[in-house]
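Below: one structure, written as structure tokens.
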Amino acid sequence: MKPRKPGKFPKGPITMRAQVLAVLLASEDMAGIESIFENRKTGLSTVIRALVRKYGWPIERRDFPTNTGDGRAAWASVYCLPQEVIDAALDAGGGDWLDGVKAARAARARPIVRR
């Protein structure tokens, strides 16, 4: 079986695509609406679709049953990258890209001090 390669990295470090990819490259799973999606109109599945189609990332999806707040049953999805893809991405300069995304996120989170 041919090893899967990483996709292209989004250029803007503060875009939703970059933020989601940064979480996936950190070997973390994403499920449903994560905290970075608060007050956003874009859903996680839309961002994942763009990362797969436009940027070529082989993101895997696993569906599982869950309960909603009002007691109904529903299906939720968890998205992740295979470890071999993460390793290849980090070897191909992904570590520097990831550091840039984290720095941009930290800079954006700092309060603005007005004088």
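Every number in this text was worked out from the coordinates using simple rules, so none of it is lab data. All values derive from a computational prediction rather than experimental measurement.
First obtain the Kirkwood hydrodynamic radius of region 16-109 from its Cα pairs, then insert it into the Stokes-Einstein equation at 37 °C and 0.692 mPa s, and state the resulting D in µm² per second as a whole number.
In µm²/s, the coefficient is 228.
Using θ = phi - 60° and the Karplus form 6.51 cos²θ - 1.76 cosθ + 1.60, what ³J(HN,Hα) does each residue of region 57-68 get, whole Hz, x for Gly and Pro?
In residue order, the calculated couplings are 7, x, 6, 9, 10, 10, 9, 8, x, 8, 10, 8 Hz.
Relative contact order for region 16-109: what percent, with Cα pairs under 8 Å and sequence separation of 6 or more?
Relative contact order comes out at 31 percent.
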